[in-house]
Amino acid sequence: MTPGAHAAHRARLLSSRELAPNTRNFVFEIADVETFGFVPGQFISLTAEINGKPITRAYSIASVPQANRVEFCLNLVEEGFMSPLLFAMQPGDEIEAKGPYGGFIFRQPAHTICVATGTGIAPFRGMLLQRLAEDPAHEYKLIFGVRHEHGLLYRDEFEDLARAHANFSFLPTLTRPTDVWMGRNGRVQQHVLDAIGERRDFVIYICGLKEMVDDVRGRLRELGFDRKQIVYEKYD
């Protein structure tokens, strides 16, 4: 995710809430505009002066356009620079923001599989909220992999979407399940292959860490998927 040249805005924290241990959803307003336009899936760069140096980090927007509000989902990285600052912010505190940037957005409506691990789920929250409201004609599947059940970020929202839209399936999988977990186990890669089956008419969107993204891309190419059918964003 490489920022370009945009005017700086003031992002004011409205609220934050815990999604899982050391993972929060942040709600900001872009304080100097009434409307902040973006396409779900894009990201914003936040900049702060830390230890006398400007530090910039990019975060996917985890919401749909709504006046001047944006939401982010991120982990606390104890040894990091930006996330401890963000986790310490109180409502009313401000930080510099630039954007939106990025091309990890839904293309033309098509049968779609979304693949996410960890906070790679963030862009899909806004992308699916918007697209499912507009496109009942195509099939959408979300394969979401985490270690533990408590790490299934926005789980209730995705389950609600699956109940509300017959063309949407939410397929979570755990690599460290407990005995009471009755759902899918293991890494997302195998579940992507299962979801595809013999079909080759899906567009696949992938978001997460490099190792997972590259592995899924390689497997899709082996199956004969065209590059145009594979859209991805790496978080490291």
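Things worth noting here:
- Residues of region 69-102 that turn out to be within 13 Å of the chain's Cα centre (by Cα) and loosely packed, with under 15 Cβ neighbours inside 10 Å, as a count: 0
- Scanning region 103-126 for residues that are surrounded by fewer than 21 Cβ atoms within 10 Å (Cβ to Cβ) and touching a Pro at 6+ places or on another chain (Cβ under 8 Å) yields a count of 1.
- For first residues located in region 103-127 and outside the structural domain of Asp215 (by TED's automatic domain parsing) and of a type in the set (A, V, I, L, M), partners that are modelled with pLDDT under 95 and part of a helix (DSSP H, G or I) and lie 6+ apart or on another chain with Cβ distances below 9 Å do not occur.
- Matching option when the condition is under 17 Å from Cys207 (Cβ atoms) and in contact (Cβ under 8 Å) with a residue 24 or more places away in the chain, among Ala7, Ala11, Ala67, Ala58: Ala58
- Among the residues making up region 20-45, those that are in contact with a Lys or Arg (Cβ under 6 Å, 6 or more places away or on another chain) and surrounded by 17 or more Cβ atoms within 10 Å (Cβ to Cβ) are Asn25, Glu29, Ser45.
- Scanning region 141-158 finds one or more residues that are of a type in the set (Gly, Ala, Ser), farther than 23 Å from Gly102 by Cα, under 16 Å from the mean Cα position of the chain (by Cα) and outside the structural domain of Ala20 (by TED's automatic domain parsing).
- Of the strands (runs of 3 or more DSSP E) lying entirely inside region 14-75, those carrying at least 2 residues that are of a type in the set (D, E, K, R) are 23-30, 53-60, 69-75.
- Per-region count, region 79-93, residues more than 14 Å from Arg12 (Cα to Cα) and either in contact with a helix residue (DSSP H, G or I) (Cβ under 8 Å, 6 or more places away or on another chain) or at pLDDT 95 or above (or both): 3
The values are calculated or read from the model by the stated rules, or taken from the named source; none is laboratory data. Keep in mind that what you see is a predicted model, and the values were worked out from it rather than measured. Reconstructed Cβ throughout: ideal geometry from the backbone, glycine too, with neighbour counts over all protein chains shown.
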